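J.: The following block contains the structure, expressed as structure tokens.
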Amino acid sequence: MVTVFLGGASYLPRAQFVAGGALVSAGSRLQDHLGAFDLVHEDDITAEQVWQELEAQNALASSVRERLGRHEHHPVVAMLVCMDARLDTNELSGDTRRNTYVIRTAGSVMSPEEEDMLELAVEHGVKVLVVSRHTDCAAEKVARDPAERAKYPALSAAIDEREVRLAEFLARPAIASRVASGELIVKRLLIETGTEHFTELAEGGPGAAAPNVERKAGPP
């Protein structure tokens, strides 16, 4: 049925794009309730059982990929996104075609390695860089809680330094020159975890402050 629809809609590229995005979301909804395939569906599941299940799922998924080839291209969008599994970078744009470079880190914090990787992506044609945060972020909660900070000092320090690291990246000559000329746009976004709708954060505005400032409001 999907093939018939897409063939009949070939004269409507936008309809095909929207349908593809809808199918991504539909696929997630179809699988959400299938507890038997969850990697954590049993409390007493062993590490080896988790690996065996992941391996089996990869074999199935990759066999589909082998039958349905996909084109290769260099994305023009790069995204820095938290590693939180609730965030789906495909669903963020409704696009399944790997049109973005994605770097996922705890709390969307850049390290020097990520800075280098993003600069390399820009040199290879990236025109829009998305630097995101999201609601209900576990890393940010750790940084706001004194007891959790004591348990996870490296993560807390990284969250505290997130804005500094971003500023250092934007000050890199190759990045700064492209931003100044309009060749590169950097967008700071806040993603609503539940819906994956994003809104733009103004630099230095509400929601863009580092957690060591937000802690004045107390734990959530």
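Read-outs: derived from the displayed coordinates by stated rules, not from any lab. Just so you know, these numbers come straight off a predicted model, no measurement behind them. Glycine also receives a Cβ, built like all others from the backbone with ideal geometry; neighbour counts cover every protein chain displayed.
J.: Could you check the spin-label model distance between residue 174 and residue 83? Points 7 Å from the Cα along Cα→Cβ, value in nm.
T.: Rounded to a tenth, the inter-label distance reads 2.5 nm.
J.: Regarding region 77-217, what's the average projected area of the Cα-atom convex hull, expressed in nm²?
T.: Directional mean of the projected Cα hull area for region 77-217 stands at 8.5 nm².
J.: Also, I was wondering about something else. What FRET efficiency comes out for the pair residue 91/residue 127, r = Cβ-Cβ distance, R0 = 25 Å, nearest 0.05?
T.: Working: r = 22 Å, r/R0 = 0.88.
It comes out at approximately 0.70.
J.: Could you give the size of the charge dipole of region 77-217 about its Cα centre, using +1 on the Cβ of each K and R and -1 on the Cβ of each D and E, expressed in debye and rounded to the nearest 20?
T.: 140
J.: If you don't mind, there's one more thing I want to ask. What are the GluC sites (Glu not before Pro) within region 62-148 that DSSP puts in a loop, where the Cβ has at most 14 other Cβ atoms within 10 Å?
T.: Answer in residue order: 72.
J.: Lys/Arg Cβ at +1, Asp/Glu Cβ at -1, dipole of region 77-217 taken about the Cα centre: which of 79, 186, 106 is farthest positive-ward?
T.: 106
J.: Ok, one more. Tell me which trypsin sites (Lys or Arg not before Pro) from region 44-149 have a DSSP coil assignment and no more than 14 other beta carbons within 10 Å of their own.
T.: On the way: sites: 65, 67, 70, 86, 97, 98, 104, 127, 133, 141, 144, 149; in loops: 70, 86, 97, 98, 127.
For trypsin sites (Lys or Arg not before Pro) across region 44-149 that sit outside H, G, I, E and B with at most 14 neighbouring Cβ atoms in 10 Å, the list reads 70, 86, 97, 98, 127.
J.: Between residue 74 and residue 26, 0.36 nm times their residue separation minus their Cα-Cα distance comes to what?
T.: On the way: separation 48, 0.36 × 48 = 17.28 nm, distance 2.71 nm.
Using 0.36 nm per residue and subtracting the Cα-Cα distance, I get 14.6 nm.
J.: So between residue 99 and residue 62, what do we pick up on full extension, going 0.36 nm a residue minus the alpha carbon distance?
T.: 11.4 nm
J.: Under a point-charge model restricted to the Cβ atoms of Lys and Arg (+1) and Asp and Glu (-1), what is the dipole moment magnitude of region 94-153 relative to its Cα centre, in debye to the nearest 20?
T.: Details: 9 positive and 11 negative charges, 60 e Å.
The calculated dipole for region 94-153 is roughly 280 debye.
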